[in-house]
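Only one structure is covered here, and it is reproduced in the block below.
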Ligand code: GDD
C-alpha cells in the first residue's frame, strides 16, 4: 500500500526537495502550510497537482493534531522552522516559539495519537546546535549553541529524545550540516554568492558584499541530505544521526569556487573590514565586507563526522562540492536578474 507522508515546512528548500523524492518513491505526499497573505509556492509549482496542502501552523497545536488525525500519515518530516540564524538574533522569541515549542506541539500531537499509531517522525535538527564545540562534530559531541536559533533547535532535539524515551514514539533527529541547492533562499550565503556572481558575469552588478569571510562550513547538497532523512525513518529503531560531508570550507573559498565557474580568479587583498576580492585579470574589485552582515556571535567552524549514518544507514553524500557550486551557478545563470525562475528540476 502507498505510504502517506506529511511534511511541515514543505514550501522551503528541503520541503520541496523531499516532496519530490517521496513522490518518486510512490508516497502520497501532504504538506502543512501556514497562512500567508502572499503565499510562497514558487518551489512547489511543478508538483502542486501531486501534493495536498493543509492549513496549519507550528504555533497552533490543535491545527497540527487535526491535520495528523485527518490524513493518518505513516511518516512526518518536521522541516518547519525559521531557519535564518542571523534573523534569530532579531526575533528570538518568535524563533523559540516556532522552532522549539512548535516541535513540542507536534510531539504532543503524536503522544495523543499514541505510539500504537505507528507514526514515525523526523526532526530537522541542526549542526548549529554544536555552536562553539570543537571539530569534527558527531552524535557524541556536547552541544554549545551560540545563537537563539541553535538554542531553540536544541530544545527541540532534546524534546524528541525525551518523547522517544518516555512514550515509546518512533521519533528521530537528523543533525544536518549546511545543505544547499539552487532552491536555497537568497538570504543564505551560498545562494547569495552564486546569484551575485551570475549578475556580475552578466554585467548587472559590480560588487558582492559579505560578512564574515573566515567562517567555515561543511557544505553538502540538499538532495543527498533529504535522502538521508528518509533513510532514518526506514529504520525499525529510531535514533539520531549526523549528516555531513566531512569537509569544511571558508566563505572565502566558496566565493572563489563560484567565480571560478564563470572563469574568473579571485585575489584577496587587505584584511578585516578592508579585505577585498579582486579579479586577478582585470583588477576589478568584486567582493567587499559589510560589517552589518556580521552576527553578534558566530560559529567559527562546523565540520561533521557522519560515520554513524554511513555505518548504520549506508548513507553517504553523492554530490561533490564542485558539482553543487556548478549546479547553483548554472541555475542562477539562466535568469540572473531576479525574474521568476523555473528551477525546480533539482
Ligand atoms: N547569510 C549570510 N549572508 N551569511 C554570511 C554572509 C552574508 O552576507 N557573509 C558571511 N556569512 C557567513 C555567516 O556568518 C555564516 O558563518 C556562514 O556564512 C553561513 O551562513 P548561512 O548561509 O546564513 O548559514 P548558517 O550556517 O548560518 O545556517 C544554515 O545552516 C544551518 C546548519 O548548520 C541554515 O540553513 C540553518 O537553518 C541550518 O540549521
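Taken together, the values in this text are just the output of simple stated rules run on the coordinates, not laboratory data. Predicted model, so just to flag it, every value in this text is computed and none were measured. Note that each Cβ is placed from the backbone with ideal geometry, even for glycine, and that neighbours are counted across all protein chains shown.
Key figures for this structure:
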item: Spin-label model distance (nm) - residue 202 vs residue 25, 7 Å beyond Cα toward Cβ; result: 3.6 nm
item: The chain: angle of helix 102-113 to the longest principal axis, Cα-based, in degrees nearest 10; result: 20 degrees
item: Spin-label model distance (nm) - residue 86 vs residue 167, 7 Å beyond Cα toward Cβ; result: 3.8 nm
item: For region 120-235: relative contact order, % (alpha-carbon pairs under 8 angstrom, 6 or more apart); result: 28 percent
item: Helix axis angle, 148-167 relative to the chain longest principal axis, alpha carbon, degrees; result: 20 degrees
item: Segments 115-126, 145-156, 235-246 sorted - mean Cβ within 10 Å per residue, highest first; result: 145-156, 115-126, 235-246
item: q = 0.07, 0.09, 0.12 Å⁻¹, the chain: log10 I(q)/I(0) [Debye, one scatterer per Cα]; result: -0.29, -0.48, -0.86
item: Average Cα contact separation per residue, region 17-83, under 8 Å, 6 or more apart, as relative contact order %; result: 28 percent
item: Region 203-290: Rg to Rh, with Rh as the Kirkwood radius over Cα pairs; result: 1.17
item: Residue order, fewest to most beta carbons within 10 Å, for 219, 268; result: 268, 219
item: Cα-based Kirkwood hydrodynamic radius, region 83-128, one decimal, Å; result: 12.1 Å
item: Residues 328, 91 arranged by fewest to most Cβ contacts within 10 Å; result: 91, 328
item: Rel. contact order, % - alpha carbon contacts under 8 angstrom, at least six apart, the chain; result: 17 percent
item: Enclosed volume per residue, in Å³, of the convex hull spanned by Cα atoms of region 279-331; result: 184 Å³
item: Rounded tilt (10° steps) of 61-71 against the dominant C-alpha axis of the chain; result: 70 degrees
item: Relative exposure of 10, 193, judged by other C-beta atoms within 10 Å (fewest first); result: 193, 10
